[in-house]
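Everything on this sheet refers to the single structure shown next.
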4 protein chains.
Amino acid sequence: MKVTLEELRAFLDEQFPQGAAFGSLQKLGDGWAEMKLAVDEEHLRPGGTVSGPAMMGLADVTVYAALLTRIGLVPLAVTTNLNISFLRKPVAHRPIWARAKMLKVGRTLGVGEVFVYSEGAEEPVAHSTMTYSIPPER
Amino acid sequence: MKVTLEELRAFLDEQFPQGAAFGSLQKLGDGWAEMKLAVDEEHLRPGGTVSGPAMMGLADVTVYAALLTRIGLVPLAVTTNLNISFLRKPVAHRPIWARAKMLKVGRTLGVGEVFVYSEGAEEPVAHSTMTYSIPPER
Amino acid sequence: MKVTLEELRAFLDEQFPQGAAFGSLQKLGDGWAEMKLAVDEEHLRPGGTVSGPAMMGLADVTVYAALLTRIGLVPLAVTTNLNISFLRKPVAHRPIWARAKMLKVGRTLGVGEVFVYSEGAEEPVAHSTMTYSIPPER
Amino acid sequence: MKVTLEELRAFLDEQFPQGAAFGSLQKLGDGWAEMKLAVDEEHLRPGGTVSGPAMMGLADVTVYAALLTRIGLVPLAVTTNLNISFLRKPVAHRPIWARAKMLKVGRTLGVGEVFVYSEGAEEPVAHSTMTYSIPPER
């Protein structure tokens, strides 16, 4: 693994100055990462459910974290494609978690998948697949 | 067309209380809609570029608006799948626009596509396809 | 589980008269299925690699099989969306396998994911997510 | 435009020896292409409808053709991601057409979209977005 939890946390804080808006890093391993989003007003839809963009933002940054465990702290890796299926309504006013795993990390592309869960629930609320473009000169 | 611009604006304000965070409705026609997001600090990534989740949020709500021109003010239509390709870096500190068009509106599913642009630029910064599930009893 | 391996095999033979062109059912469980495609000339690209459409066809029918273990032998379930990431070059002239699992089976929609492998290899050659529309009157 | 219709036809025949199984090139312009698939038994599902894999195969090769108008006859460009929405049932026993357009052709990635139609019908039967990886040393 090319980064520690502390290094990656510091890096994400720098890259995502809005910070908590995207989620906070919880666990890390070689090619995978877990993040949590403490849902607050800005992430909600009427009825207390978590908004799609909040889930997409969390999913996106969690795959990014999983990718960085393999390629190191590369600031210029960018998402080129994201596909997300919304499976169930998230539990109202409950944090959401994302667990991402890289399916492939090549020379120029990384592909990862990520499940999003309501805290305490077993069935995922969303599933997403993402492709990251990795800058050549690293 | 089953709604007017004013009716749909009022409806979106209700559905998305965060309002400006997702964008504001600009134009509307039968099966299509245009929205604009006045990018501010919360939507930015380092270097002044617009974040992916901000583009996804705008794309999502713009297809929702396009769908509602066909089915009326249905609050329970939900996104079931979203696919987005990020094509170019948005221009820093410039508003983004989304133009959505429905490809199909069936009994239970609506599929739309949407292009996202930096204001004033010709080439799209993102392209997204979305599926909405339409509630049966309307 | 609503079907046996034999029932589902007979049903797929009926639904896909081209048969071997799409693959043959190998294993089945509640919400999952495994199929194998004995790659022959019609599935190949120059260099002996398996064509994309051959992988997509196998992936599609394997998720369909996984879905039917939950809803029974419904002939009118149709794919509404398919997303596939091609991860690695399949091994030349080697059969490919697909392992599908349903992520959700609702009243009107089923979502599944499927990994495709070259026989004997550990890393997947492709990953796909699919949405099936389930006919209402069943 | 970096290729003529005749050059690209010859190239596709070489790359796809199964030929007609994937479709035949009809028209070509800078960044776009049209192909036609004369549907026969191997492409059908019960009821005479065109199979999903037949549409995906045609869509895939049509975007490939559109890409090659921009980058020239590069044999090693490969699909990395394909997303397809099936919108309507194709007309039975009728040829299908695909019209593809590149949304972006960068140094290492090309993104295109393609609509698939039943011959003579106005509404598309499918819409697909694809990403191609372009080999670096060309």
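For the cross-link pairs D:LYS2/D:LYS104; A:LYS2/A:LYS104; A:LYS104/C:LYS101, the ones whose C-alpha atoms lie over 18 Å apart are A:LYS104/C:LYS101. If you take all other residues with their beta carbon under 13 Å from the beta carbon of B:ALA66, and give Lys and Arg +1 and Asp and Glu -1, the sum is +2. Per-residue 3J(HN,Hα) values for the stretch B:118-129, derived from phi via the Karplus relation 6.51 cos²θ - 1.76 cosθ + 1.60 with θ = phi - 60°, read 6, 4, x, 9, 8, 7, x, 8, 7, 9, 9, 10 Hz in sequence order (x marks Gly and Pro). Against chain A, whose longest principal axis is taken from its Cα atoms, helix A:5-15 shows a tilt of about 80°. Placing unit charges on the Cβ atoms of the charged side chains and taking the dipole of chain A about its Cα centre, the candidate lying farthest along the positive direction among A:MET56, A:TYR132, A:GLY106 is A:GLY106. Where only DSSP H runs of four or more residues are counted, chain B gives -7500 deg cm²/dmol as its mean residue ellipticity at 222 nm, each run worth -39500 (n - 2.57).
The charge dipole of chain A, taken about its Cα centre with unit charges on the Cβ of Lys, Arg, Asp and Glu (plus for the first two, minus for the last two), comes to roughly 400 debye. Full extension of the chain segment joining A:GLU122 with A:LYS89 gains 10.6 nm, where the gain is 0.36 nm per residue of separation less the Cα-Cα distance.
Alpha-carbon geometry of chain D: the Rg and the Dmax are 14.2, 47 Å, given in that order. Computed over all pairs of different Cα atoms, the Kirkwood value for the hydrodynamic radius of the stretch C:69-134 is 13.0 Å. Inter-copy label distances at B:GLN26, using a point 7 Å along Cα-to-Cβ, come to 3.4, 4.0, 5.2 nm with the shortest given first. Axis angle, to the nearest 10 degrees, between helix B:52-71 and the longest C-alpha principal axis of chain B: 30 degrees.
Remark on B:ILE134: its backbone amide H falls under 5 Å from those of B:LEU109, B:GLY110, a criterion applied only to residues 5 or more positions apart or on other chains, H modelled at 1.01 Å from N.
Each value in this text was obtained by applying a stated rule to the coordinates, not by laboratory testing. Just so you know, these numbers come straight off a predicted model, no measurement behind them. When we count neighbours, we look across all protein chains shown, and the Cβ atoms used for this are built from the backbone with ideal geometry, even at glycine.
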